[in-house]
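Asks: I have a structure here, written as structure tokens, and I will follow up with some questions on it.
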Amino acid sequence: MSEEKFDAIIVGAGLAGSTCAYLLAQAGLECLVIDRGNFPGAKNMTGGRLYGHSLEKIIPNFAEEAPIERCIVHEKISFIDEERCTTMEHTTPVATDLESRSYTVLRSKFDQWLAEKAENEGAGYIPGIRVDDLIVRDGKVCGIIAGDEEMEADMVILADGVNSILGEKLGMVSQVTPHHCAVGVKEVIQLSKQQINDRFGCSDNEGAAWLFAGMPSAGQMGGGFIYTNEDSISLGVVFGLHNAGTTDKSVPQMLEDFKNHSAVKPLVEGGKSVEYSGHVVPEGGYAMLPKMVADGVIITGDAAGLCLNVGYTVRGMDLAIASGAAAAKAAIKAKEDGDFSEATLSTYTTELTNSFVMKDMKLYKALPEFLDNPRMFNEYPTMVTAMMNDLFTVNGPSMPLRKTFLPHLKKVGFMNLIKDGVKGVRSI
């Protein structure tokens, strides 16, 4: 057993863990971050888009030094079937308000940068070590067990990602079920900066975020995504695990089919695959949130289920950063009070409740159930692409638009359209 006792041990060197470590070290607490990856970010494969507001409050002007890829100025959402694609696009200048900006990032680079910031403040990091269990005495978490090594701390912060085994062992996190998570597969494809600019209509340092509903996830809950990096694109598919029995396609095959779709293939043509990875994604929303605080322990980030899929965007990184900051604030108060009980550490849940994190989780709590509707990813994408195809096809006398669109609306069903419309409005 290590004779040194830390103020806090953080399990996981992702955004939640390193944000927490940065603030704890800045406040003078002795903290240690342990991660099973060979370096921070080695196990993270987020798409990925970072909404900058939460980190901007902690490290002002962070984008000037952080390894961001591009600032998002193009937003695209597509309905896509096997042959056709209908896209809605929004373009905006780079926001003058730094907190309103969002960026594409590659986590293997970005997480290392944030960890270095925490180390510079005095936090310790041990990579390549798996934490197997927690030391618990009289119901209080007092440290961690990694192999034959035991390390003690006044408290432990679990930032160990989706499917937190340590949280499960404490009885705080329920075992992940297929209804509460999805599997994501991502490929990073290298292209020149000029190719990306030309193919996505971008200028240098400006980028695009593009989400696809329909064909990429075989007509089931999920979808496809493309994010432009500086000299590569992140392309992937997310598929709800509870629909695994509805299709014969594997998720890797879904990704290959997506890459070869007529709307996507020209965007990746000539590119070189430089990374391929898979990851479990929390999709349960507010209903998935676990017990986050107990004596001597706090659960943050993806481990706490803090992820939002609201259809037109997917968020997790800004929530992870904010939850890491809230955990740090609770730990600092506990250190000042000399009390690491659940009652004192509940400052964490109070911080989350008063912040955008829990407000947004509650706001969109009905969305997972609304989106878990096959029509959203099957009938509706097909309906939209077919309507647009008829609208732009001229092969004789034109018909009134109502007669052009009516057969497609009937195919979905007017009652279904009304029911889904009402449910959708209520869910947001």
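The values are calculated or read from the model by the stated rules, or taken from the named source; none is laboratory data. These numbers were taken from a predicted model, which means no experiment stands behind them. Backbone-built Cβ (ideal geometry, glycine too); neighbour counts: all protein chains shown.
Asks: Based on what the data block shows, is Pro252 at negative phi, under 20 Å from the mean Cα position of the chain (by Cα) and surrounded by 23 or more Cβ atoms within 10 Å (Cβ to Cβ)? Before the answer, list the steps.
Replies: Values: at negative phi: yes; under 20 Å from the mean Cα position of the chain (by Cα): yes; surrounded by 23 or more Cβ atoms within 10 Å (Cβ to Cβ): no.
So Pro252 does not fit the description; no.
Asks: Moving to a separate point now. What pairs come up if the first residue lies in region 270-290 and is in contact (Cβ under 8 Å) with a residue 12 or more places away in the chain, the second is surrounded by fewer than 14 Cβ atoms within 10 Å (Cβ to Cβ), and their beta carbons are under 7 Å apart, counting only those six or more places apart or on different chains?
Replies: Partner pairs satisfying both residue conditions: Tyr286/Lys362.
Asks: Filtering region 83-108 down to residues that are modelled with pLDDT of 95 or more and charged (D, E, K, R), which residue is nearest to Gly311 (Cα to Cα)?
Replies: Glu89
Asks: Which numbered condition in (1) at pLDDT below 95; (2) under 19 Å from Asn378 (Cβ atoms); (3) out of contact with any Lys or Arg (no Cβ under 9 Å at 6 or more places or on another chain) is the only one that Pro252 fails?
Replies: Only one criterion in (1) at pLDDT below 95; (2) under 19 Å from Asn378 (Cβ atoms); (3) out of contact with any Lys or Arg (no Cβ under 9 Å at 6 or more places or on another chain) is unmet by Pro252, namely (2).
Asks: Determine, yes or no, whether Lys259 is over 16 Å from the mean Cα position of the chain (by Cα), crowded, with 17+ Cβ neighbours inside 10 Å and charged (D, E, K, R). Quick ask: steps written out before the conclusion?
Replies: Working: over 16 Å from the mean Cα position of the chain (by Cα): yes; crowded, with 17+ Cβ neighbours inside 10 Å: yes; charged (D, E, K, R): yes.
When the stated conditions are applied, Lys259 passes them.
Asks: Sort out which residues of region 372-428 are touching a Ser or Thr at 6+ places or on another chain (Cβ under 9 Å), farther than 17 Å from Ile80 by Cβ, of a type in the set (S, T, N, Q) and touching a residue at least 12 places away in the same chain (Cβ under 8 Å), and write them in order of number.
Replies: Within region 372-428, Thr404 is the sole residue that qualifies.
Asks: Could you check Glu342 against (1) in contact with a helix residue (DSSP H, G or I) (Cβ under 7 Å, 6 or more places away or on another chain); (2) within 20 Å of Leu29 (Cβ to Cβ) and say which number it fails?
Replies: (1)
Asks: Could I ask something else about it? One residue is enough: does region 38-54 have a residue meeting the conditions assigned to a helix (DSSP H, G or I) and in the same structural domain as Val297 (by TED's automatic domain parsing)? I'd like the intermediate steps shown before the answer.
Replies: We begin by selecting, within region 38-54, every residue assigned to a helix (DSSP H, G or I); these are 53-54.
Of the ones still in play, those that are also in the same structural domain as Val297 (by TED's automatic domain parsing) are 53-54.
Yes, that holds for at least one residue.
Asks: Can you tell me which of Leu55, Leu24 is more than 16 Å from the chain's Cα centre (by Cα) and either over 25 Å from Glu152 (Cβ atoms) or buried (at least 17 other Cβ atoms within 10 Å of the Cβ) (or both)?
Replies: Result of the check over Leu55, Leu24: Leu24.
Asks: Would you pick out the residues in region 64-120 that are small (Gly, Ala, Ser) and crowded, with 17+ Cβ neighbours inside 10 Å?
Replies: Matches in region 64-120: Ala66, Ser78, Ser102, Ser108, Ala115, Ala118.
Asks: Additional query: Select, from Thr404, Thr350, Thr393, the only residue that is at pLDDT 90 or above, of a type in the set (Ser, Thr, Tyr), outside any loop (DSSP other than H, G, I, E, B) and over 26 Å from the mean Cα position of the chain (by Cα).
Replies: Details: Thr350 fails: over 26 Å from the mean Cα position of the chain (by Cα); Thr393 fails: outside any loop (DSSP other than H, G, I, E, B).
Only one candidate passes the filter, namely Thr404.
Asks: Within region 155-191, count every residue that is on the phi < 0 side of the Ramachandran plot and touching a helix residue (DSSP H, G or I) at 6+ places or on another chain (Cβ under 7 Å).
Replies: Residues of region 155-191 that are on the phi < 0 side of the Ramachandran plot, as a first pass: 155-160, 162, 164-170, 172-191.
Those still in the list that are touching a helix residue (DSSP H, G or I) at 6+ places or on another chain (Cβ under 7 Å) too: 155, 157-160, 162, 164, 167, 173, 175, 178-183, 185, 187, 189.
Residues that pass the stated criteria total 19.
Asks: Output the residues belonging to region 97-151 that are free of Cβ contacts under 8 Å to residues at least 24 places away in the same chain and not assigned by TED's automatic domain parsing to the domain that holds Gly17.
Replies: Correct list: Asp97 only.
Asks: Then there is this: Please give the strands (runs of 3 or more DSSP E) falling wholly within region 116-156 in which 1 or more residues are closer than 30 Å to Ala66 by Cα.
Replies: Numbers: elements: 124-127, 133-137, 140-146.
Counting at least 1 such residues, we get 124-127.
Asks: Mind checking whether some residue in region 286-298 is in contact with a Gly (Cβ under 6 Å, 6 or more places away or on another chain), crowded, with 18+ Cβ neighbours inside 10 Å and at pLDDT 90 or above? So that I can check it myself, show each step before the final result.
Replies: Let us first name the residues in region 286-298 that are in contact with a Gly (Cβ under 6 Å, 6 or more places away or on another chain), namely 288-289, 295.
Narrowing further to those that are crowded, with 18+ Cβ neighbours inside 10 Å: 288-289, 295.
Adding the requirement that they be at pLDDT 90 or above leaves 289, 295.
Yes, some residue in region 286-298 is in contact with a Gly (Cβ under 6 Å, 6 or more places away or on another chain), crowded, with 18+ Cβ neighbours inside 10 Å and at pLDDT 90 or above.
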